[in-house]
Amino acid sequence: MAKVKTSFFCQSCGTQYSKWQGQCNACKQWNTIVEEVIQKPEKNDWKTTPSTNLKKASVPLRINEINSAKETRLNTIDSEFNRVLGGGIVPGSVILLGGEPGIGKSTLLLQISLQLPYKTLYVSGEESQKQIKMRAERIKPDSENCFVLTETKTQNIFKQVEALQPDVVIIDSIQTLHSDYIESSSGSISQIKECTSELIKFAKETATPVILIGHITKDGNIAGPKILEHMVDTVLQFEGDRNHVFRILRAHKNRFGSTNEIGIYEMQGSGLREVTNPSEILISKKDEDLSGNAIAATLEGMRPLMIEVQALVSTAVYGTPQRSATGFNAKRLNMLLAVLEKRAGFRLGAKDVFLNITGGITVDDPAIDLAVVASILSSNEDEPLPKDVCFAGEVGLSGEIRPVQRVEQRILEAEKLGFSTIYVSKYNKITLKTTAIKVNLLSKIEDFVVQLIQ
Ligand code: TYD
Ligand code: MG
């Protein structure tokens, strides 16, 4: 009997070892090395039978002789998805979509395949054809172009692909696939690597775009080796709070476009809806004025986004006051409270402070600092802020209001949404000639406190 070939792989970075060891030499992680069964493939090719459309060996070309004008992107109809990709799907590209379970990855890609005017093959290793049909019925049941296949073996998938000749292939998910060339079970590092490289080879040789769904681990990385993210052309992340309706699609890596664009969706009973005016939805339209609410003019990628910050400051019941933040870094909240205490003489030491960013969104744009400070001051004084005022500024440790990037874009968004005043740093260079909105320039937090609480 032939000896079973095994090898050791680091679960975190994918480095291969011939024997087990406690720490990975490459990524220095402990206890990440596991044994997997492998079998060297005789012929590691997505197609075992040579066919006419296999490319000949490539030859070097002068860069100015390469024709790039031919590159036409596939329009996915979904304008948010197109924008994140940089204008549509590039033929032959491999896109990896990651996200937490239940966030809506399968829904998003099924919806896109139902809308696409091209022939798409949706390969699922997780759900049966009936289950997919049931899901499709909620979104858009009648599509002539969408084919569904439940299969997990890559060789069988390629056979079906050759027969069907789809324009786009979607794989749900890469962790469920397995290749005959590798013995270890699906989801293992060597299987994921092998299946991905077969799919990449297929995509490049036939110019068919492939979209892969990837599961993520507890700490938010795509399950499988980091090398997977290096292999594919584009890595997209679908994020959001499962209990809220908003979902954000972000590009973490994009060989064919910028990574600054984001797409915003709303999960509805009938699939995902594109949100084209996120600011209007994120700001609650209340009739009565409430204390502790402030609007921040933030930027998510390239898009300006008006976000509502809510703070609640109350007398601490226990000896140690509580500080909690949802959607905002708790350490940063503590820092802002310390700055307020030191620079503006606020005694917040004996108060509980709760902070919440509405809409289930997490913000790491530092420009939100000023709105956080404003909402805390407003709640502390129990004085509502004027409804048509918004803020964009970073607060430094010495209490200075620091400039933020692309301030003019934020001002224009605020103006568009009907705000009458925006507070920004004095050090921002503003050449904009706005008439409708008043731009209040601040240099120190002390001035800000005085202006806000008159
Ligand atoms: P799913 O797309 O299966 O998530 P993933 O593939 O990322 O694990 O599930 C998304 C969730 O969305 C699921 O809990 C049900 C819900 N959902 C809707 O609210 N509306 C819909 O139209 C569909 C299809 C799903
Ligand atoms: Mg799924």
*Go through I132, I89 for me and flag whichever is of a type outside the set (D, E, K, R) and under 17 Å from T176 (Cα atoms).*
I132
*Taking the stated definitions as given, is E394 without any contact (Cβ under 8 Å) to a residue 40 or more places away in the chain and closer than 22 Å to V339 by Cβ?*
yes
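Using the structure shown, decide if G257 is in a strand (DSSP E or B) and more than 16 Å from ligand 2 (Cβ to nearest atom). Please lay out each step first, then the result.
Details: in a strand (DSSP E or B): no; more than 16 Å from ligand 2 (Cβ to nearest atom): yes.
Spelling it out, it is not the case that G257 is in a strand (DSSP E or B) and more than 16 Å from ligand 2 (Cβ to nearest atom).
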_Restricting to segment 94-151, name every residue that is in a strand (DSSP E or B), within 14 Å of ligand 1 (Cβ to nearest atom) and under 22 Å from H252 (Cβ atoms)._
L96, L97, G98, G99
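Quick check, is T217 in contact (Cβ under 8 Å) with a residue 24 or more places away in the chain and of a type in the set (V, I, T)? Working first, answer last.
Details: in contact (Cβ under 8 Å) with a residue 24 or more places away in the chain: no; of a type in the set (V, I, T): yes.
When the stated conditions are applied, T217 does not pass them.
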*Could you tell me which numbered condition D364 fails, if it satisfies all but one of (1) assigned to a helix (DSSP H, G or I); (2) without any contact (Cβ under 8 Å) to a residue 40 or more places away in the chain?*
(1)
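Applying the selection to segment 260-292, what residues are polar (S, T, N, Q), in contact (Cβ under 8 Å) with a residue 12 or more places away in the chain and farther than 21 Å from V439 by Cβ? Walk me through how you get there before you give the answer.
We begin by selecting, within segment 260-292, every residue polar (S, T, N, Q); these are 260, 268, 270, 276-277, 279, 284, 291.
Those still in the list that are in contact (Cβ under 8 Å) with a residue 12 or more places away in the chain too: 260, 268, 270, 276, 279, 284, 291.
Residues satisfying the conditions are N260, Q268, S270, T276, S284, S291.
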_Residues of segment 247-270 satisfying the condition of being under 21 Å from R135 (Cβ atoms) and either within 12 Å of the chain's Cα centre (by Cα) or buried (at least 19 other Cβ atoms within 10 Å of the Cβ) (or both)_ = R247, L249, G263, Y265
_Filtered residues of segment 79-130 (kept if charged (D, E, K, R), more than 10 Å from ligand 2 (Cβ to nearest atom) and in contact with a Lys or Arg (Cβ under 8 Å, 6 or more places away or on another chain))_ = E100
*Output the residue which, of all residues in segment 153-179 that are part of a loop (DSSP other than H, G, I, E, B) and over 19 Å from P101 (Cα atoms), is farthest from ligand 1 (Cβ to nearest atom).*
Q165
*Under 9 Å by Cβ, and 6 or more places apart or on different chains, what pairs join a residue from segment 95-107 that is more than 13 Å from R247 (Cβ to Cβ) with one that is more than 6 Å from ligand 1 (Cβ to nearest atom) and among the basic types (K, R)?*
L96/K253; P101/R242
*Go through (1) within 21 Å of E300 (Cβ to Cβ); (2) in contact with a helix residue (DSSP H, G or I) (Cβ under 6 Å, 6 or more places away or on another chain); (3) surrounded by fewer than 16 Cβ atoms within 10 Å (Cβ to Cβ) and name the single condition G418 misses.*
(2)
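Does A296 qualify as being of a type in the set (A, V, I, L, M, F, W, C), touching a residue at least 24 places away in the same chain (Cβ under 8 Å) and in the same structural domain as V439 (by TED's automatic domain parsing)?
Details: of a type in the set (A, V, I, L, M, F, W, C): yes; touching a residue at least 24 places away in the same chain (Cβ under 8 Å): yes; in the same structural domain as V439 (by TED's automatic domain parsing): yes.
For A296, the condition - of a type in the set (A, V, I, L, M, F, W, C), touching a residue at least 24 places away in the same chain (Cβ under 8 Å) and in the same structural domain as V439 (by TED's automatic domain parsing) - is met.
Taking the options S179, S186, name whichever one is among the hydroxyl-bearing types (S, T, Y) and crowded, with 22+ Cβ neighbours inside 10 Å. Working first, answer last.
Values: S186 fails: crowded, with 22+ Cβ neighbours inside 10 Å.
Matching residue, one of S179, S186: S179.
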*If you check A330 against the conditions, is it in contact with a helix residue (DSSP H, G or I) (Cβ under 6 Å, 6 or more places away or on another chain), modelled with pLDDT of 90 or more and assigned by TED's automatic domain parsing to the domain that holds I411?*
no
*Just one of (1) free of Cβ contacts under 8 Å to residues at least 12 places away in the same chain; (2) in a loop (DSSP other than H, G, I, E, B) trips up E341, so point out which.*
(2)
*Given the conditions (1) more than 16 Å from ligand 1 (Cβ to nearest atom); (2) free of Cβ contacts under 8 Å to residues at least 40 places away in the same chain; (3) assigned by TED's automatic domain parsing to the domain that holds Q268, which single one is not true for V59?*
(3)
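The values are calculated or read from the model by the stated rules, or taken from the named source; none is laboratory data. In this text the structure is predicted, and so the values were computed from the model without any measurement. Cβ: placed from backbone, ideal geometry, glycine included. Neighbour counts: every protein chain shown.
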